[in-house]
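To start, the structure under review is shown below, and the notes come after it.
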Amino acid sequence: MGRHRLTEIKMNANTKHTPGPWAVSDGGVFPAIWDADGRHLATMSDCGDEMEANAQMMAAAPDLLAALRVALDHMQASIETCRRAPHDIAAARAAIAKAEGR
């Protein structure tokens, strides 16, 4: 089965989900999400026109979390020069905590 490869994610001690990259299967009636080792993570049930988009969003979750962690690192490094940085950092921390189930 062909799968779209996603980039590796930045992991840390708080990461409890299946490590990325995750991918959505090509073809089939119901899109399925797989990890890099070929383990099945989820199969979408019939949710209408949004089914494929929902599967893509779920498969992107590890990449989104990794990108948010990198953005947070950059914001923290430039906090003195950016007025919005404290608000943005708080929002990024909250999103990471939610994704990690904290």
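The values are calculated or read from the model by the stated rules, or taken from the named source; none is laboratory data. Every value quoted in this text rests on a predicted model; they were computed, and no experiment measured them. Glycine gets a Cβ as well: all are built from the backbone with ideal geometry, and neighbour counts include every protein chain shown.
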(request) Could you look through the stretch 34-76, keep only residues that are in contact with a Leu (Cβ under 7 Å, 6 or more places away or on another chain) and not in a helix (DSSP H, G or I), and pick out the one that is surrounded by the most Cβ atoms within 10 Å (Cβ to Cβ)? (result) W34
(message) Being more than 16 Å from W34 (Cα to Cα) and under 13 Å from the mean Cα position of the chain (by Cα) is the filter here; which residues of the stretch 52-81 pass it?
(response) L64, L65, A66, A67, L68, R69, V70
(request) May I ask you to verify whether G101 is at pLDDT below 85, among the small types (G, A, S) and under 23 Å from P19 (Cα atoms)? (result) yes
(request) Report, by residue number, each residue of the stretch 9-25 that is modelled with pLDDT of 70 or more and either loosely packed, with under 11 Cβ neighbours inside 10 Å or not in a loop (DSSP other than H, G, I, E, B) (or both). (result) K16, W22, A23, V24, S25
(message) Give all pairs with beta carbons closer than 7 Å in which a residue from the stretch 42-68 that is closer than 17 Å to A95 by Cα and free of Cβ contacts under 8 Å to residues at least 60 places away in the same chain meets a residue that is surrounded by fewer than 16 Cβ atoms within 10 Å (Cβ to Cβ) and of a type in the set (V, I, T); count only pairs at least 6 apart in sequence or on separate chains.
(response) D63/T7
